[in-house]
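Asker: Questions regarding the structure given below will be posed in turn.
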4 protein chains.
Amino acid sequence: MTKKLKLGVIGAGRIGRIHAENLSFHIPGAQVEMISDVNLESAESAAREYHIPRAVKDYHDILDCKDIQAVVICSPTNTHAKMIEESSSRKMHIFCEKPIDLDVGTIKKALQAVKSSGVKFQVGFNRRFDPNFSRAAKWVGEGKIGTPHIVRITSRDPAPPPVEYLKVSGGMFLDMTIHDFDMARYLTGEEIVEVSAAGGCLVNPEIGNAGDIDTAVVTMRYKSGALCVIDNSRKAVYGYDQRAEVFGSKGCITCSNNTPSNTGIWDENGQRKEPFLFFFLERYKEAYVAEMKEFVDCVQNDKTPSVGGIDGLKSVILGLAAQKSLKEKRIVRVEGEAIL
Amino acid sequence: MTKKLKLGVIGAGRIGRIHAENLSFHIPGAQVEMISDVNLESAESAAREYHIPRAVKDYHDILDCKDIQAVVICSPTNTHAKMIEESSSRKMHIFCEKPIDLDVGTIKKALQAVKSSGVKFQVGFNRRFDPNFSRAAKWVGEGKIGTPHIVRITSRDPAPPPVEYLKVSGGMFLDMTIHDFDMARYLTGEEIVEVSAAGGCLVNPEIGNAGDIDTAVVTMRYKSGALCVIDNSRKAVYGYDQRAEVFGSKGCITCSNNTPSNTGIWDENGQRKEPFLFFFLERYKEAYVAEMKEFVDCVQNDKTPSVGGIDGLKSVILGLAAQKSLKEKRIVRVEGEAIL
Amino acid sequence: MTKKLKLGVIGAGRIGRIHAENLSFHIPGAQVEMISDVNLESAESAAREYHIPRAVKDYHDILDCKDIQAVVICSPTNTHAKMIEESSSRKMHIFCEKPIDLDVGTIKKALQAVKSSGVKFQVGFNRRFDPNFSRAAKWVGEGKIGTPHIVRITSRDPAPPPVEYLKVSGGMFLDMTIHDFDMARYLTGEEIVEVSAAGGCLVNPEIGNAGDIDTAVVTMRYKSGALCVIDNSRKAVYGYDQRAEVFGSKGCITCSNNTPSNTGIWDENGQRKEPFLFFFLERYKEAYVAEMKEFVDCVQNDKTPSVGGIDGLKSVILGLAAQKSLKEKRIVRVEGEAIL
Amino acid sequence: MTKKLKLGVIGAGRIGRIHAENLSFHIPGAQVEMISDVNLESAESAAREYHIPRAVKDYHDILDCKDIQAVVICSPTNTHAKMIEESSSRKMHIFCEKPIDLDVGTIKKALQAVKSSGVKFQVGFNRRFDPNFSRAAKWVGEGKIGTPHIVRITSRDPAPPPVEYLKVSGGMFLDMTIHDFDMARYLTGEEIVEVSAAGGCLVNPEIGNAGDIDTAVVTMRYKSGALCVIDNSRKAVYGYDQRAEVFGSKGCITCSNNTPSNTGIWDENGQRKEPFLFFFLERYKEAYVAEMKEFVDCVQNDKTPSVGGIDGLKSVILGLAAQKSLKEKRIVRVEGEAIL
């Protein structure tokens, strides 16, 4: 067997633990050597749970460990760029959670460091690894529905996060819709040139008081002229709603929601099927494993990750354009930037 | 326009009214001239409702009316054979509800009269005209699923009829399953050679006390060796359950249930769709019109109805074989009879 | 039985024939006495086919016939307003196809005439009578999904009409999307206050050369703040695509497409179900009968049609706003007009 | 963390490798210490692939290893009973693939040894751990559909195994239907008292020449009077078909097939969805992990496996009864045996 890839996980919050668990138990070719968290107890409990030899407080212990070849960055957004630069300078391969940063200039600087160092870099757009969406993108690429004309993405969370979190999240477009911006590009492989956003606060007035929105419809135009429309809500009481549709000159591809089982009941009240999978942990369980498998594979076999820095950057650019459109009540043009 | 076909309807009960309404309002080429019922008031109310010029007590008034070219027999089963013979002798075309009779000899005699007279004769196996099943039969005939290996028919009523009715119905196999016996032959176009029945009284003990069953599974073998299995219940609380499946060497055709709409709700309890159409009036609404259109067309344009006397006879033979199998706990062989 | 309502049909084109057929054969309480068309032969062939006693060239023959109580206006759009005024002045009840006119002032004048005369007036928004959509609107009204937050309407035709037709159609928003504008109001019972449109010519460049578009996404805001998004295409190769979804605080209602049957095939290539019903004639067959039944019932029993002049007017106002938004690349505010 | 359970796997064929892989990579609390196969190379390649320290030819090396607490028996059926007895006498916990044996007496003797020794014993009825079926059984147990009246199980393989295999398989009822016999008992928690089988050779005449069948319908009666019907085929070209339905006094539970994704295409040929998961490796991937997790949990925490020796025995008894019924063309009564 190939030698195991040794990794360090930075951040032992919810998403850090997912990656730690997957790397430890579901990816035979990987081994997590160390996990760090500013809250040492968090790191220690994760280490115990996922059989990780060392738990530390300072992520520099990971960066400075000669044994570790790659880092998985799951710390708060405002720490990402610095860590990317530090990891790059140590020639450590990088998996970074989304968004890379909320500032375009900062992202570009970090990606420049990655580029110079030549390390592998993958961004955590896990939905690209979901079987429903990856199949859709593949079929579009194979021309099964001809030229895309309309892309529809529905993305609704089961419940909003705490208002305290929202205040530092960068706003719905950069925190939540960012996944859909990436999906819009992923499904057709085309770039977006125009963004127009409508939104409001319909779920919880406190969200509005905090300066954010909880419901939105974003319309975009691809370079080809095709249209894309995203609709978002922070609260779908029936569960996590993650659908997409690509309509083209020769047909239409649809991705429906997943359920825990294909078992249903027919009774006096009609036909019933189970609620959709509750939230991203359940819905994208497979996808989280698959994205990390790709990262491990890319590092071990010198391949380029399919979702890289440019994807992380573009999604932020679209999020910022949507914010502008919402504010100025007009279409915002996204210039084709010469990036990196 | 072609001259309208003038018909008389015998029997103003539930099924007689369906045919009267369809002929009067939904089949432009037909006109009901007279309706009869031993209960004259029933005939009169139907006449008012469906714009029929004459209501009579004695069906001979219909048979003796020179203006009327065809009769629709919807009276109790034990009157069918006599009416068929009388109509035949007057050269009146005949549409007869199922079953023709409960006695094989009586049926044969009636069909002999039909044959001698040369009139058109159609039996009321309305399900053959249902879009789901007719499409399935067509696709099987076109070889879309290769050679049939297993046919599955599910047929469950929403609620049992009154026990008083059951006592004179001929038993579940001749009253209810008879449609499924016909469906088994219709879906593959093949004849049955063996019948094996299991059944019991699970819905309502009074049905058992009346000597009948309310739940059954009937397994049959086609001449080709293919198998067919029917399951029946007198009480499906979720509505009329009418499904079929033909599994063959190259695939499987499935017919699902129909609902009043394709509208559904997703809420905290999961995904819900409407109950199935309640019972045969709703489920086979289109099919009742279609079968009568075929009858009118056959008479007007000298064609042979697709579902004839032999089909009426065969279904009764299978029903009787199922009764025998249930009683004797063994497979009953249905001899290929030289009929008519 | 109640005395039959006698009607005249103006226009023997496609839609005029649908209404003539339904009134003649599927609505027992109605009788078409006369049909007119500037092309007399068209009127005559329709009369033959639907058993209508008289065919005329000049619709004034209908208006002047003392026997006729109601007219069904199915002539070209630019003749509607004048006919509405003439019919009103003769105290004839009016069913008018959509759009009433392309000019807001002209519509208002016509509706004023209707109002003064006190005749019944119904606009041909047939989709409101479709079982899928009417159920959705009913459930929304009953609060089944709480407060609506996002309404999604997908409406795609199987193939574009001839370019010659498009040139006089008023443009996609007034010819095609107009139904969706009405649907947006119907599903929630709320008024729209903002319209923002994106569109392009992706299906056929000739449509663009004729100054029209063939693909569009329209985002609107209800008075309540809820959002609505419509997507349209003139060409869906898989059939007529007519879906809607109302997402609210307590759940989501979805309306799927209809198929000719519920029969499917599983074979080596996967699971297959039939294409959707081809176009509006098939998809809204029931709805056309139902809307005309309502009209006949309203006239006979002195009720107010559920879809009236104001609905015809509002849909045109929204169509014009969408045109403006598309041209000016900005959100267009629809003022709450004091109408009539 | 709890100390890992150390296991040995006997047999490195297809099913042995599945269990080895799951224990090694997907069950953190387990560790495979040794794998044996009469073909040493097979054992060695599995050891390499699943990171197992030792590969041996003779399974006694596993039984004699003091470090190993539990065995997973995946060798040919005719070796099971002996291994069960040997393992029991060494106080080793046992997971045994189905069927335990083809002879009722032999099974009873082996189970007696298990009982005397007090070791944990679990039989490999993996389907009980499938989310679709386990949910169905749970809902039946909770009374969601009232009293069961009809159970329908469809189980069709994508392709028959080699005829050479079939010759030593014990026949379709003991090799393939055995899973469905167990499912029949699992879904309702009730025992079967009557078995009636129909079958034939429709897929491949060579199977018939080898004395076996490839298509069957088995009807059974539960002690309560409820009916169960199983239909089987060795060849469903559209993929592995694994469905079940429990119909009862208050409703009906249905389990549909699973697909690789919920992505579909609508095009000119209609609506298409993916083929079902190909075969048991794909369909029951999760279930194989879940059953082994239960086994590990039962051993580590002194619980009784939910699927034990009695279940292994009963399924064989039903298989033998079906063989008898097929041969003698009559219903076979399964006596309620006083077992163990």
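Asker: So if I take the centroid of the Cα atoms in segment D:117-171 and the same for segment C:113-144, what is the distance between those two points in Å?
Answerer: 52 Å
Asker: Provide a whole-number value for the mean count of partner chain Cβ atoms within 10 Å of the Cβ atoms in peptide C:299-305.
Answerer: Values: counts 0, 0, 0, 0, 0, 0, 0.
Per residue, the average neighbour count from other chains is 0.
Asker: At 1.4 Å probe radius, can you tell me the per residue accessible area of chain D in Å²? Walk me through the intermediate numbers first.
Answerer: Details: 12630 Å² over 340 residues.
That works out to 37 Å² per residue.
Asker: Antiparallel versus total DSSP beta bridges in the protein assembly as shown: what percent is that, nearest 5? Each step should come with its number before you reach the end.
Answerer: On the way: 160 of 268 bridges.
Bridges in the protein assembly as shown that DSSP calls antiparallel: roughly 60 percent.
Asker: Ok, one more. Quick one: if you stick a label point 7 Å off each Cα along the C-beta vector at C:Glu49 and A:Glu328, how many nm between them?
Answerer: 5.5 nm
Asker: Which one of B:Thr106, B:Thr259, B:Ala12 is farthest out on the positive end of the charge dipole of chain B, using unit charges on Cβ (Lys, Arg +1; Asp, Glu -1) and the Cα centre as origin?
Answerer: B:Thr106
Asker: For chain A, give the percent of accessible area contributed by carbon and sulfur heavy atoms, probe 1.4 Å, rounded to a whole number. If you can, show how the numbers build up before the last one.
Answerer: On the way: 6270 of 12660 Å².
Answer for chain A is 50 percent, counting heavy atoms of protein chains only.
Asker: Could you work out [θ]222 nm for chain A from helices alone, using -39500 (n - 2.57) per DSSP H run of at least four and dividing by all its residues? Round to the nearest 500 deg cm²/dmol. Could the numbers behind the result be given before it?
Answerer: Values: 13 runs with 127 residues, N = 340.
-11000 deg cm²/dmol, from helical runs alone.
Asker: Further question on the same structure: To the nearest 20 debye, what charge dipole does segment B:63-154 have about its Cα centre, counting +1 at the Cβ of each Lys and Arg and -1 at the Cβ of each Asp and Glu? Intermediate results must be reported in sequence, preceding the final value.
Answerer: Details: 15 positive and 9 negative charges, 73 e Å.
It comes to approximately 360 debye.
Asker: If the cut-off is a Cα-Cα distance under 16 Å, which aspartates and glutamates reach B:Lys4, setting aside same-chain residues fewer than 8 apart in sequence?
Answerer: Cross-link targets: B:Glu21, B:Glu33, B:Asp67, B:Glu294, B:Asp297, B:Asp302, C:Glu49.
Asker: On a 19 Å Cα-Cα criterion, which of the cross-link pairs B:Lys98/B:Lys303; A:Lys6/A:Lys293; D:Lys235/D:Lys327 come out too long? If you can, show how the numbers build up before the last one.
Answerer: Details: B:Lys98/B:Lys303 21 Å; A:Lys6/A:Lys293 13 Å; D:Lys235/D:Lys327 23 Å.
Correct reply: B:Lys98/B:Lys303; D:Lys235/D:Lys327.
Asker: Related question: Please give the total accessible area that chains A and D bury against each other, computed with a 1.4 Å probe and expressed in Å² to the nearest 100.
Answerer: Roughly 2700 Å² of accessible surface disappears when A and D pair.
Asker: Right, here's the next one. Of the options D:Gly308, D:Val123, D:Leu23, report the single residue whose Cα projects farthest towards the positive end of the charge dipole of chain D (beta-carbon charges: Lys, Arg +1; Asp, Glu -1).
Answerer: D:Gly308
Asker: Taking 10 °C and 1.306 mPa s as the conditions, I'd like the Stokes-Einstein D for chain A in µm²/s, using the Kirkwood hydrodynamic radius from alpha carbon pairs. Present the calculation step by step, with values, prior to reporting the outcome.
Answerer: Numbers: Rh = 20.9 Å.
After rounding, the answer is 76 µm²/s.
Asker: Can I ask one more? Only four residue types carry charge here, +1 at the Cβ of Lys and Arg and -1 at the Cβ of Asp and Glu. Report the dipole size of the protein assembly as shown about the Cα centre in Debye, rounded to the nearest 20. Could the numbers behind the result be given before it?
Answerer: Values: 176 positive and 176 negative charges, 0 e Å.
Here the protein assembly as shown has a charge dipole of around 0 debye.
Asker: I'd like the accessible area for D:Ser256, computed on protein heavy atoms only with a 1.4 Å probe and all protein chains in place. Round to 10 Å², please.
Answerer: 50 Å²
Asker: If you don't mind, there's one more thing I want to ask. Translational diffusion coefficient of segment A:42-81 at 10 °C, 1.306 mPa s, Stokes-Einstein with Kirkwood Rh over Cα pairs, in µm²/s as a whole number.
Answerer: Reported coefficient: 140 µm²/s.
Asker: Shielding by partners for A:244-254, please: the mean number of other protein chain Cβ atoms within 10 Å of each residue's Cβ. If you can, show how the numbers build up before the last one.
Answerer: On the way: counts 1, 4, 2, 10, 5, 6, 5, 10, 12, 5, 7.
If you average over the peptide's residues, the count of other-chain Cβ atoms is 6.
Asker: Let me know the shape class of the protein assembly as shown, please: from the alpha-carbon gyration tensor, a ≥ b ≥ c as square roots of the eigenvalues, rounded when a/c is under 1.5, otherwise prolate if a/b is greater than b/c, or oblate. All intermediate terms of the calculation are to be shown ahead of the outcome.
Answerer: Numbers: a/c = 2.60, a/b = 1.15, b/c = 2.26.
In terms of gyration-tensor shape, oblate.
Asker: With each pseudo-label sitting 7 Å past Cα toward Cβ, what's the B:Lys66-A:Lys91 distance in nm, one decimal?
Answerer: Label-label distance for B:Lys66 and A:Lys91, simple model: 11.3 nm.
Asker: Quick one: if the Förster radius is 30 Å, what FRET efficiency do C:Asp297 and C:Ser256 give, using the C-beta to C-beta distance and rounding to 0.05? Numbers along the way, then the final one.
Answerer: Details: r = 29 Å, r/R0 = 0.97.
After rounding to 0.05, the efficiency reads 0.55.
Asker: Let me ask something else about it. Taking a probe of 1.4 angstrom, what is the accessible area of A:Glu282 in Å², to the nearest 10?
Answerer: 80 Å²
Asker: Hey, if we sort D:Thr77, D:Thr254 by accessible area with the 1.4 Å probe, largest down, what's the order?
Answerer: Details: D:Thr77 45, D:Thr254 20 Å².
Final ranking, largest accessible area leading: D:Thr77, D:Thr254.
Asker: Also, quick follow-up: Might you report the magnitude of the Cβ-based charge dipole of segment C:152-215 about its Cα centre, with Lys and Arg at +1 and Asp and Glu at -1, to the nearest 20 debye? All intermediate terms of the calculation are to be shown ahead of the outcome.
Answerer: Values: 4 positive and 11 negative charges, 23 e Å.
The calculation lands at about 120 debye.
Asker: So if each residue of separation counts as 0.36 nm, and I subtract the Cα-Cα distance between C:Glu164 and C:Lys4, what length gain in nm does that give? Could you put the intermediate results ahead of the total?
Answerer: Numbers: separation 160, 0.36 × 160 = 57.60 nm, distance 4.01 nm.
In short, 53.6 nm is gained.
Asker: I would also like to ask the following. Across the residues of C:134-145, average count of Cβ atoms on other protein chains within 10 Å?
Answerer: Counting Cβ atoms of other protein chains within 10 Å of each residue's Cβ and averaging gives 2.
Asker: Not counting ligands, DNA or RNA, and with a 1.4 Å probe, what is D:Val38's accessible surface area in Å² rounded to the nearest 10?
Answerer: Surface open to solvent at D:Val38 totals about 120 Å².
Asker: Please list C:Leu202, A:Leu313 in order of solvent-accessible area, largest first, computed with a 1.4 Å probe with all protein chains present.
Answerer: On the way: C:Leu202 45, A:Leu313 0 Å².
So the residues, ranked largest to smallest area, are C:Leu202, A:Leu313.
Asker: Mind checking which of C:Ser134, C:Ser87, C:Ser116 has the largest fluctuation in a GNM of chain C, springs on alpha carbons under 10 Å?
Answerer: C:Ser116
Asker: Once fully extended, how much extra length lies between B:Lys82 and B:Asp103, figured as 0.36 nm per residue of separation less the alpha-carbon to alpha-carbon distance?
Answerer: Gain in length upon complete extension: 6.3 nm.
Asker: Still on this model: Rank these residues by their accessible area, most exposed first, probe 1.4 Å: C:Thr304, B:Thr79, D:Thr263.
Answerer: On the way: C:Thr304 115, B:Thr79 40, D:Thr263 0 Å².
Ranked list, largest accessible area first: C:Thr304, B:Thr79, D:Thr263.
Asker: What residue among D:Pro162, D:Pro76, D:Pro131 shows peak mean-square fluctuation when chain D is described by a Gaussian network model with Cα springs under 10 Å?
Answerer: Sorting by GNM fluctuation, first place goes to D:Pro162.
The values are calculated or read from the model by the stated rules, or taken from the named source; none is laboratory data. Small disclaimer: the values here were computed from a predicted structure and weren't measured. Positions of Cβ are backbone-derived with ideal geometry, glycine not excepted, and every protein chain shown enters the neighbour counts. With ligands, DNA and RNA removed, areas are computed over all heavy atoms of the protein, side chains included. Shrake-Rupley method; radii C 1.70, N 1.55, O 1.52, S 1.80 Å.
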